[in-house]
Amino acid sequence: MSAKSQVLVVDDEADIRELLGMTLARMGLEAHCAASTSEAYALLAQNSYDLCLTDMRLPDGDGLTVVEHVAKHHPSLPVAVITAHGSTENAVAALKAGAFDYLAKPVSLDQLRTLVRSALKLPRPVQRRAQEEETAQAAPGAPQLIGRSEPMQAVRSMIERLARTQAPIHISGESGSGKELAARLVHQRGPRSDGPFIPVNCGAIPENLMESEFFGYRKGAFTGAAADREGFFQAADGGTLFLDEVAELPVPMQVKLLRAIQEKKVRKVGATSEEGADVRIISATHRNLAEEVQNGRFRQDLFYRLNVIELRMPALREMPEDIPLLAETMLVRQAAAAGGKTVRLSAAALERLCEYDFPGNVRELENVLERALALTTGGEIQAEDLQLAPTRVMPTEATGELSGLPLQERLDTVERKAILNALEQTHYNRTAAAKLLGITFRALRYRMERLGINEELDSKG
């Protein structure tokens, strides 16, 4: 952190400006203060700042106009807004407008210092270009999103923008489409890269253990609590907490999670006081969260807090032109892990891969290649080694097969076909089918019950 770093403070209350200015000075920073948006814009035109702190309520405008002005005229400058206590709507609106983060009044100086340190870690334009070059030359084993298709280029561009904000992100997309990888890249490209990245599969935690797993517990809080234990929030302090399959959380836990996100504090089970939790939240699910809200299975207020910015991961069938490069990269990695020579795909095998629709997306492609690598006897994978069903074209309105059906019935038909195909490929081993589809066993069981597949299989004996 350079002693020359400058921070612009925008607030119409003189005591708040003085408090923030003194705190920043103790951190070795130079604070410039403005009492209105017009004063702020004049200072922005004259100086180069590393961070802008602005109140939401100003005499000649509001914090949102400051955020929008900075985004338009000084896009590399992070802006944090100070909101009234409990004003969740203002905080979310600011984050959606491009704010780096927010603070609630009365301002916690500890939270302020944490926010400032994070903002000053953001790479400047020259550093960012160097990072982009470094990413382009990343080692084969480094986490990266592979592909030259337009959807994949759009995802990489979005990740670059998301890494420069602390706003909660919700990553949507089908199972196996790379949601956790995208979350890791957002973490690695942002100011929290030196902090922990804690992934949590919300669907794998027993309901009676959720609160203690998320928030930790004190010794003696319940039978078996022999010592204090940290939860996921404490483990992710200073870093990122990735909530995978967040739609699987039961409603009572959703309430507790909402409070932890809003207050940036958690209380261990058995504790009498709360403790701060400096955590960035990234969530993901293969379900449609908006539909879950409409059906009463997911709280609307939590949905708005998690879905401040959405990143959609495309399905593999939307970018078939990336399959050859993905397959080649995977085969090189798998051969290296097995200690053998790299095996090539025959022209017929590559054609089969490109024609297949991959309901399990990238994860299924990796599983298919791993199996083919084990089955091939030569230096080249043949089409039959892939063990893929003949080309399957999913029914669409263009074919007329599903024309006229309501959307949910069309989706159910496609989902049923994918599940039955996976069951057939795995000789009706449901655990293996769930892995092939890239979903949890519990999620597969739920879908089979909802679609009546269990009864259909039972009737066949």
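FYI, it's all coordinate maths here, none of it is from the lab. Quick caveat: nothing in here was measured; it's all calculated off a predicted structure. Virtual Cβ from ideal backbone geometry, glycine too; neighbours counted across all protein chains shown.
What to note about this one:
- For the range 154-312, the fraction of alpha-carbon pairs lying more than 29 Å apart is 15 percent, rounded to a whole number.
- Listed residue pairs exceeding 31 Å between alpha carbons, taken from LYS96/LYS121; LYS121/LYS265; LYS72/LYS265; LYS219/LYS256: LYS72/LYS265
- Under the convention that each Lys and Arg Cβ holds +1 and each Asp and Glu Cβ holds -1, the size of the dipole of the range 142-235 around its Cα centre is about 360 debye.
- The range 5-104: radius of gyration and largest Cα-Cα distance (Dmax), Å: 12.2, 35
- The DSSP beta bridges internal to the chain are antiparallel in roughly 10% of cases.
- Charged neighbours of ALA227, selected by a Cβ distance under 10 Å, balance to +2 (K, R count +1; D, E count -1).
- Taking a Cβ cut-off of under 12 Å around ALA91, the surrounding Lys, Arg, Asp and Glu residues balance to a net charge of +1, with basic ones at +1 and acidic ones at -1.
- Cα point-scatterer Debye curve for the chain, base-10 log of I(q)/I(0) at q = 0.06, 0.09, 0.12 Å⁻¹: -0.33, -0.71, -1.13
- Given R0 = 56 Å, the distance between the Cβ atoms of ARG344 and TYR304 translates into a calculated FRET efficiency of 0.70.
- The residue list SER87, GLN46, VAL66 was ranked by how far each Cα lies along the charge dipole of the range 1-87 toward its positive end, using unit charges on Cβ atoms, and GLN46 comes out on top.
- Its convex hull of Cα atoms gives the range 321-369 a direction-averaged projected area, equal to a quarter of the hull surface, of 3.2 nm².
- Sparse packing (at most 15 other Cβ atoms within 10 Å of the Cβ) combined with a DSSP loop state is found for the following chymotrypsin sites (Phe, Trp or Tyr not before Pro) in the range 199-260: PHE222.
- CYS52, CYS354 arranged by Cβ crowding within 10 Å, fewest neighbours leading: CYS354, CYS52
- Taking Cα centre as origin and charging only the Cβ of basic (Lys, Arg, +1) and acidic (Asp, Glu, -1) residues, the dipole magnitude of the range 316-393 rounds to 240 debye.
- The range 190-253 and the range 49-102: distance between their alpha carbon centers, rounded to Å: 30 Å
- Electrostatic tally near LEU444: other residues with Cβ closer than 12 Å to its Cβ, Lys and Arg +1, Asp and Glu -1, net +4.
- Note on LYS417, LYS341: ascending count of other Cβ atoms within 10 Å places them as LYS341, LYS417, the fewest first.
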